[in-house]
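K.L.:
I have a structure I would like to understand better, so I am pasting it below and will then ask my questions one at a time.
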C-alpha cells in the first residue's frame, strides 16, 4: 500500500473556507500548546510548514478566529512558558 503525503502551504490553507480549515486542522494539525491572553485561550497547532493559532473566547465559549503564520518569531509568547530545565539537567 502506497501513501501519498500532500504538504499544504499557508496560502492553500487560507483559501479554504472556515469549516474546511477547522476540519484540516483537526485531521492533520499537530497540537503544540496553549496560552491565555485576556479572555482568550489561544491554542497553537503546527500544520506542515506553518502554525495556526485558534482563538477560543472563554467568556462566550466559542471559537472566535484563527491566525496563521510561518515566522518563528511569532512563537515567542509560547517559548517563554516552556520549562526546559529537565532537558538541561
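K.L.:
Which residues, taken from the range 42-53, are in a strand (DSSP E or B) and closer than 22 Å to residue 6 by Cβ?
P.N.:
In the first step, residues of the range 42-53 are kept if they are in a strand (DSSP E or B); the result is 42-47, 50-53.
The answer is 45, 46, 47, 50, 51, 52.
K.L.:
Right, another one. Among residues belonging to the range 64-89 that are surrounded by 10 or more Cβ atoms within 10 Å (Cβ to Cβ) and in a helix (DSSP H, G or I), point out the one that is modelled with the lowest pLDDT.
P.N.:
Top of the filtered list is 79.
K.L.:
Here's a follow-up. Only residues that are surrounded by 13 or more Cβ atoms within 10 Å (Cβ to Cβ) and farther than 20 Å from residue 16 by Cα: list them for the range 29-55, please. Break it down into steps so the answer makes sense when it comes.
P.N.:
Filtering the range 29-55 for residues surrounded by 13 or more Cβ atoms within 10 Å (Cβ to Cβ) gives 29, 32-35, 40-48, 50-55.
Selection gives 32, 33, 34, 35, 40, 41, 42.
K.L.:
Return yes or no: is residue 61 over 12 Å from the mean Cα position of the chain (by Cα), surrounded by fewer than 12 Cβ atoms within 10 Å (Cβ to Cβ), over 22 Å from residue 76 (Cβ atoms) and at pLDDT 95 or above? Break it down stepwise before answering.
P.N.:
Values: over 12 Å from the mean Cα position of the chain (by Cα): yes; surrounded by fewer than 12 Cβ atoms within 10 Å (Cβ to Cβ): yes; over 22 Å from residue 76 (Cβ atoms): yes; at pLDDT 95 or above: yes.
Yes, satisfied.
K.L.:
Only residues in the range 58-84 that are more than 16 Å from residue 35 (Cβ to Cβ) count as the first member; pair them with residues that are part of a loop (DSSP other than H, G, I, E, B) and at pLDDT 90 or above, Cβ under 6 angstrom, at least 6 apart or cross-chain, and list the lot.
P.N.:
Taking only residues 6 or more apart or on different chains, the pairs are 59/39.
The values are calculated or read from the model by the stated rules, or taken from the named source; none is laboratory data. Since this is a predicted model, take the numbers as computed values, not measurements. We place every Cβ from the backbone using ideal geometry, glycine too, and count neighbours over all the protein chains shown.
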